[in-house]
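The next block holds one structure in the form of structure tokens; read it before the comments.
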Amino acid sequence: MIGSVLIANRGEIAVRIVRGARECGIRTIAVHSEADRLAPHVLEADEAYEIGPAPSSESYLRSDRLIELAKRVGAEAIHPGYGFLAERADFARAVEEAGLVFVGPRADTIAAMGDKTEARRRMAAAGVPIVPGLTEAVADPAEAERAAEEIGFPVLLKASAGGGGKGMRVVSGRGELRRAFEAASREAMAAFGDGSVYLERYLARPRHVEIQVLGDAHGNVVHLAERECSIQRRHQKLVEEAPSPVLTPDERARMGETAVRAAEAVDYRGAGTVEFLYEKGEFWFLEMNTRLQVEHPVTELVTGIDLVEWQFRVASGEKLPFAQQDILLRGHAIECRITSEDHLGGFLPSTGVVTQLEIPSGPGVRWDGGIVQGTEVALHYDPLLAKLIVHAPTRAAAIARMRRALGELVIAGVETCAPFHLRVMDEPDFASGDFCIRYLEEHPALLEPEEAGAETAAAAIAAALLEDEHRRHRAPRIGAEGSVPMSAWRRGGSPAPGSP
Ligand code: ADP
């Protein structure tokens, strides 16, 4: 087993990797920017080193400094987490050339899957169904128009180098194409330094269903079933669950086999995810993420397999000890991403110091967090503060458990989207599993202030004040005056069922 690892990341995922490494007996080396001196991942690691100023371009993205530091402090491996340098083939290559182990797939695999058009070509060649559309970038709006006529409107313009929903435009008719092409191309250029775009058919009401795969360096690949990630906003996931509420065992087997074939086609090593769009039993390859995903915990809970541990074991050269038939699913898991965004303001980012933090606990509750009381949430980094994950025997029980856990969560000093999640848990189409990737468009009320009757609102405010009073007596309030605990806010906005 690797003896030491430098974790080239921050926030909740750096904490998660420190925990996984520690359980494997691996020495943990954190890095941080000037802004993150007191961040949880720094405090939890065995060692920590400052690598630059707050902007990630001057710190977490400085691959040269990271590799130089790893060599200097005697790290045997580098774990990139997700985001930042995780899917940069040149970084993976430089790590290996420096004589270190990159905890992830081979650089060639990352390069092949990082370009969406190349990935589509590779997958089509391997017999994996892809979303109908092009497998090469289009040169100009005129070419895009011709291709769109052939594919049929609506089409989706996508950045070849895309990620995080950037450089994507839905085009419903010919007249919109030129402007959309220019906008997508410009956005892609700014985000990825590569403005090339291509077109796919825009599917009307698909679900986003992805398969977790795990491969070793000895040619073995298994899948760990699916995650349902259709609850999204602007093509970014908000709630994820495993298993999907709609997949039949036969569909799971077929999608799983297809994902394994996809992974084998690029000689996959480590943990990865093959993303599909799914509609009425049919599915099409969307992309492959060659890294650990934000939503990996729901898979860990239903399979009992620790993905970070297996990333380290595979990187150390171990063989996977399980065959496909050994992987069984137990119960249902749901994850809510807790971001510093106010859903009522259209998910506007919120900043501030976390003045109070009460973390849910109890049966079946997991908190993967990157904040503590006193953490300053600024605009430098991703707004993901933490993930609240629950596991229960059934989906209905998991929803009830998530509702309970969200009720226990208190984050004061910065707005979060936790109240939004509580609304989703109470929403009938979510409860019945009847939704697609357009869930939020189809349920706009979830983003509006609740229209509580005057009496209900007054009663809720009274209850909130009382609760606040109790809290004050129970524990001294820390930090900013006048900050309102999230639970109070929530009660004001969304009275619990059965309240007067
Ligand atoms: P990114 O790499 O930027 O995250 P993806 O290709 O993974 O982009 O797509 C992100 C999301 O965009 C999907 O989960 C889905 O909601 C939506 N999407 C992508 N392609 C299509 C398509 N062809 N039709 C409809 N929705 C799509």
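Bear in mind these aren't lab numbers, they're just calculated from the coordinates by the rules spelled out. What you see is a predicted model; the values in this text were computed from it and never measured. All Cβ positions, glycine included, derive from the backbone under ideal geometry; neighbour counts span all protein chains shown.
Beta carbons within 10 angstrom, averaged per residue: use that to sort the peptides 153-160, 246-253, 189-196, highest first. Kindly include the intermediate steps, with their values, before the conclusion.
Details: 153-160: 22.6, 246-253: 14.2, 189-196: 15.8.
Top to bottom by mean Cβ count within 10 Å: 153-160, 189-196, 246-253.
Label 7 Å along Cα→Cβ of T394; the stretch 223-263 residues with amide nitrogen under 16 Å?
Answer for the stretch 223-263: 243, 245-246.
Which whole-angstrom value gives the distance between the alpha carbon centres of the stretch 416-446 and the stretch 6-26?
Using only Cα atoms to place each centre, the spacing works out to 32 Å.
As an exercise, use a Förster radius of 30 Å and the Cβ-Cβ distance of E408 and A431 to find the FRET efficiency, rounded to the nearest 0.05.
On the way: r = 20 Å, r/R0 = 0.68.
Taking R0 as 30 Å, the efficiency between E408 and A431 is 0.90.
Quick check: residue separation of D90 and K319 times 0.36 nm, minus the Cα distance between them. What number comes out in nm? Mind showing how you got there, number by number?
Numbers: separation 229, 0.36 × 229 = 82.44 nm, distance 2.64 nm.
Separation in residues times 0.36 nm, less the Cα-Cα distance, equals 79.8 nm.
Taking the Cα centre of the chain as origin, sum charge times position over the Cβ atoms of Lys and Arg (+1) and Asp and Glu (-1), and report the length of that vector in debye to the nearest 20. Walk me through the intermediate numbers first.
On the way: 56 positive and 74 negative charges, 80 e Å.
About 380 debye.
Going 7 Å from the Cα of T248 in the Cα-to-Cβ direction, what parts of the stretch 204-218 have a backbone nitrogen less than 13 Å from that spot?
No residue passes the distance filter.
Semi-axes of the stretch 132-201's equivalent ellipsoid from the Cα gyration tensor, sqrt of 5 times each eigenvalue, largest first, rounded to whole Å? Provide the component values of the computation, followed by the final result.
On the way: eigenvalues 63, 25, 22 Å².
Here the semi-axes work out to 18, 11, 10 Å.
Report the relative contact order of the chain, percent, no decimals, based on alpha-carbon pairs under 8 angstrom and at least 6 residues apart.
Values: 1049 pairs, mean separation 66.1, N = 500.
Answer for the chain is 13 percent.
Given 0.36 nm per residue, what is the gain on full extension from S172 to V73 after removing their alpha carbon distance, in nm?
Numbers: separation 99, 0.36 × 99 = 35.64 nm, distance 5.44 nm.
Length gained, S172 through V73: 30.2 nm.
Of all DSSP beta bridges located in the chain, what percent are antiparallel, nearest 5? The partial results should precede the final answer.
On the way: 60 of 75 bridges.
Looking only at bridges with both residues in the chain, the antiparallel portion is about 80 percent.
Tell me, how many Å apart are the Cα centres for the stretch 362-393 and for the stretch 168-199?
Going from one Cα centre to the other spans 34 Å.
Quick check for me: using +1 on Lys/Arg Cβ and -1 on Asp/Glu Cβ, what's the dipole size of the stretch 1-140 about its Cα centre, in debye to the nearest 20?
Values: 17 positive and 21 negative charges, 64 e Å.
Roughly 300 debye, rounded to the nearest 20.
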